[in-house]
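**Q** I am attaching a structure below and will ask some questions about it afterwards.
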């Protein structure tokens with residue numbers, strides 16, 4: 001049956017293993033460097049206050065959020081939400097806070113890739129859910145109904161087109177995240193908030209986090225390639 005197609009694992013398994021490895025790397029780096037305090041013994045909130053004041057980001061609001069590694073910047077409300085661990089006096093906290101403020105700096109200057117991501121996020125959300133549903137509905141309909149094969153194929157193609165928007169979102173996210181990390185490193189060094197030795201920890205945390213976005217892109221691309229492969233078979 002289609003839903004148990006073993007070919008799927010040829011596409012999904014490598015990307016899934018990569019995603020698991022990336023998740024392990026980010027948790028490992030965070031666990032290690034969250035236990036290392038900065039030389040100045042300042043908390044993540046102090047890092048936020050210093051950077052917002054010195055980098056022209058005083059308009060950004062700071063809120064607490066539950067969970068672990070749930071930190072994010074909301075460009076709509078100009079709000080940076082920090083988890084409890086990111087408010088502690090650690091190298092990991094400094095890295096995460098600076099990264100989120102890197103997004104705030106992007107938002108302030110109208111960074112082109114951030115604007116592009118914001119522009120497709122709605123379509124990407126639709127494509128991720130509705131696109132996948134339409135693909136499977138179309139393939140199933142075409143399989144069960146010989147006379148409706150062309151209609152089913154067309155529905156599946158529409159699903160792939162919509163899902164492509166979700167893939168595009170993961171790809172556009174990469175330069176946004178890489179740039180935010182680059183800004184984070186520069187801001188921390190420019191404001192003297194980390195030492196040379198601590199910069200290694202900042203890099204470890206940010207680089208590990210970047211892997212999760214690469215993994216997300218790899219998974220979405222793998223799924224898209226699988227969809228296209230199935231369409232090719234049905235067309236033949």
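The values are calculated or read from the model by the stated rules, or taken from the named source; none is laboratory data. Owing to the predicted nature of the structure, the values given are computational and were not obtained by experimental measurement. Ideal geometry is used to build each Cβ from the backbone, glycine not excepted, and the neighbour counts take in all protein chains shown.
**Q** Hey, does region 41-57 have a residue that's loosely packed, with under 12 Cβ neighbours inside 10 Å, without any contact (Cβ under 8 Å) to a residue 12 or more places away in the chain and closer than 19 Å to residue 193 by Cα?
**A** The initial filter retains those residues of region 41-57 that are loosely packed, with under 12 Cβ neighbours inside 10 Å, namely 41, 53.
Checking the rest, the ones that are also without any contact (Cβ under 8 Å) to a residue 12 or more places away in the chain come to 53.
Within this subset, residues satisfying the condition of being closer than 19 Å to residue 193 by Cα are 53.
Within region 41-57, one or more residues are loosely packed, with under 12 Cβ neighbours inside 10 Å, without any contact (Cβ under 8 Å) to a residue 12 or more places away in the chain and closer than 19 Å to residue 193 by Cα.
**Q** Within region 45-67, which residues are farther than 13 Å from residue 107 by Cβ, out of contact with any helix residue (DSSP H, G or I) (no Cβ under 6 Å at 6 or more places or on another chain) and assigned to a loop (DSSP other than H, G, I, E, B)?
**A** Result: 65, 66, 67.
**Q** Only one of these is closer than 30 Å to residue 193 by Cβ and either surrounded by 16 or more Cβ atoms within 10 Å (Cβ to Cβ) or modelled with pLDDT of 95 or more (or both): 101, 123, 134. Name it.
**A** 101
**Q** Which residue out of 29, 92, 12 is out of contact with any strand residue (DSSP E or B) (no Cβ under 8 Å at 6 or more places or on another chain), more than 16 Å from residue 194 (Cα to Cα) and at pLDDT 95 or above? Talk me through it step by step, then tell me what you get.
**A** Numbers: 92 fails: more than 16 Å from residue 194 (Cα to Cα); 12 fails: at pLDDT 95 or above.
Going through 29, 92, 12 in turn, the sole match is 29.
**Q** Just name the residue that is surrounded by the fewest Cβ atoms within 10 Å (Cβ to Cβ) out of those in region 73-88 that are at pLDDT below 95 and closer than 11 Å to residue 47 by Cβ.
**A** Top of the filtered list is 88.
**Q** Check 38, 7 and return the single one that is surrounded by 16 or more Cβ atoms within 10 Å (Cβ to Cβ) and at pLDDT below 95.
**A** Details: 7 fails: surrounded by 16 or more Cβ atoms within 10 Å (Cβ to Cβ).
Unique residue meeting the criteria: 38.
**Q** Do you know which residues across region 60-81 are free of Cβ contacts under 8 Å to residues at least 40 places away in the same chain and more than 17 Å from residue 209 (Cβ to Cβ)?
**A** Passing the criteria: 61, 62, 63, 64, 66, 74, 76, 77, 78, 79.
**Q** Could you say which residue among 192, 232 is without any contact (Cβ under 8 Å) to a residue 40 or more places away in the chain and either in contact with a strand residue (DSSP E or B) (Cβ under 9 Å, 6 or more places away or on another chain) or not in a helix (DSSP H, G or I) (or both)?
**A** Numbers: 232 fails: either in contact with a strand residue (DSSP E or B) (Cβ under 9 Å, 6 or more places away or on another chain) or not in a helix (DSSP H, G or I) (or both).
Result: 192 is the single residue among 192, 232 that is without any contact (Cβ under 8 Å) to a residue 40 or more places away in the chain and either in contact with a strand residue (DSSP E or B) (Cβ under 9 Å, 6 or more places away or on another chain) or not in a helix (DSSP H, G or I) (or both).
**Q** Could we say that residue 150 is out of contact with any helix residue (DSSP H, G or I) (no Cβ under 6 Å at 6 or more places or on another chain), part of a helix (DSSP H, G or I), modelled with pLDDT under 95 and within 30 Å of residue 62 (Cβ to Cβ) here?
**A** Working: out of contact with any helix residue (DSSP H, G or I) (no Cβ under 6 Å at 6 or more places or on another chain): yes; part of a helix (DSSP H, G or I): yes; modelled with pLDDT under 95: yes; within 30 Å of residue 62 (Cβ to Cβ): no.
The answer is no for residue 150.
**Q** Against the conditions (1) over 17 Å from residue 163 (Cβ atoms); (2) without any contact (Cβ under 8 Å) to a residue 60 or more places away in the chain; (3) over 17 Å from the mean Cα position of the chain (by Cα), where does residue 119 fall short? Just the number, please.
**A** (3)
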